[in-house]
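Okay, so here's the structure we're looking at.
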Amino acid sequence: MTDSSRSFGLKIWGRRLLAAILLGGQVIVHLMRGKIHWRNTVEQMVAVGPESLLVALLMAASVGMVFTIQVSREFINLGAGSAVGGVLAIALARELAPVLTAVILAGRVGSAFAAEIGTMQVTEQIDALYMLKTDPIDYLVIPRLIACCLMQPLLTILAFATGMLGGLIIAESMYNISQSVFLDSARNFLNTWDLVSAMIKGGVFGSLIAIIGSSWGLTTTGGAKGVGQSTTTAVVTALLAIFIINFFLSWLMFQGTGSAVLQV
């Protein structure tokens with residue numbers, strides 16, 4: 001790739017990112033007007049939630065098991081085996097469950113949004129909606145945004161519970177850490193704010209996935225090739241946005257010195 005083509009690609013990406021930001025503002029205005037297509041919203045909730053549940057739970061179980069394996073051996077050598085459950089609970093609630101669930105949805109749902117709306121754009125179905133006096137933001141974007149904002153936090157909490165279950169199985173079967181010790185440790189380390197922060201992150205990440213996927217779809221050009229490019233760049237952009245916003249959310253929510261371990 002030449003420097004000129006790379007520069008042109010960055011300009012196009014920047015314009016589409018600006019379009020996504022503007023779309024986010026338009027969505028807020030439309031939501032304040034209360035125009036919501038509930039049938040479309042329910043359909044999107046099914047696509048985002050139940051249809052993504054199995055993948056999210058498998059991911060969470062795997063992460064919980066692997067994390068427990070890596071942490072248990074070191075903590076036991078340090079004489080802190082009783083803290084394994086608490087460390088896993090904090091890691092899952094504050095970072096692993098919301099971020100990795102968002103990654104799953106960005107790959108599965110965000111790409112689907114970009115591909116579906118992008119196909120509608122290049123086949124002039126979006127123009128047909130305007131001819132029917134139907135605003136694509138009300139009909140296409142807002143239902144997807146609501147679905148992601150509602151289902152992502154729920155999937156995050158379910159992923160947290162599944163990850164804890166996977167960690168508990170490994171801790172008890174491989175490292176002889178009793179169930180009571182594991183759960184007591186998690187209960188002592190974890191507090192309500194950790195779970196609330198996980199749901200807040202889930203809602204923010206869900207909105208990012210919906211806005212970026214929908215915006216990239218609405219700005220698609222170039223036929224079938226353009227749809228493929230929009231799908232790929234939408235996923236990459238959503239992942240970058242998730243990681244960047246996660247840093248700022250974590251900094252706002254957990255900056256300063258922690259006290260979870262000191263409470264034990």
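For the reader, a short list of remarks on this structure follows.
- In a simple Cβ point-charge model (Lys, Arg +1; Asp, Glu -1; nothing else charged), the chain has a dipole of about 480 debye relative to its Cα centre.
- Amide H partners (placed H, <5 Å) of Ile36, local residues excluded: none
- GNM flexibility winner over the chain from Ser180, Ser111, Ser207 (Cα, springs under 10 Å): Ser180
- Taking Thr233, Thr101, Thr156 as the candidate residues, the one with maximal mean-square fluctuation in a Gaussian network model of the chain, Cα springs under 10 Å, is Thr233.
- Choice from Arg15, Arg144, Arg94 with maximal GNM fluctuation in the chain (Cα, 10 Å cutoff): Arg15
- Gap separating the Cα centres of the stretch 84-139 and the stretch 166-207, nearest whole Å: 26
- Sorting 125-134, 18-27, 145-154 by their mean Cβ neighbour count within 10 Å, with the most densely packed peptide first, gives 145-154, 18-27, 125-134.
- Model label points for Asn176 and Leu53, set 7 angstrom from Cα along the Cα-to-Cβ axis, are 3.9 nm apart.
- Relative contact order (%) - the stretch 36-253, alpha-carbon pairs under 8 angstrom, separation at least six: 37
- Among (i) 16.0; (ii) 16.9; (iii) 13.9, the entry derived from the coordinates for mean projected area of the Cα convex hull in nm²: (ii)
- Taken as entire DSSP H runs, the helices of the chain that both span 30 Å or more between Cα atoms along their own long axis and average -0.5 or more on the Kyte-Doolittle scale are 3-33, 50-77, 142-174, 192-218, 223-254.
- Whole-Hz ³J(HN,Hα) from phi, Karplus 6.51 cos²θ - 1.76 cosθ + 1.60, for the stretch 131-137, glycine and proline x: 5, 8, 6, 10, 7, x, 5
- Amide H contacts of Thr123 (H built 1.01 Å from N, under 5 Å, at least 5 apart or other chain): none
Throughout, read-outs are computed from the coordinates displayed, never taken from laboratory work. Note that the coordinates shown come from a computational prediction; the quantities given were computed from them, not determined experimentally. Glycine gets a Cβ as well: all are built from the backbone with ideal geometry, and neighbour counts include every protein chain shown.
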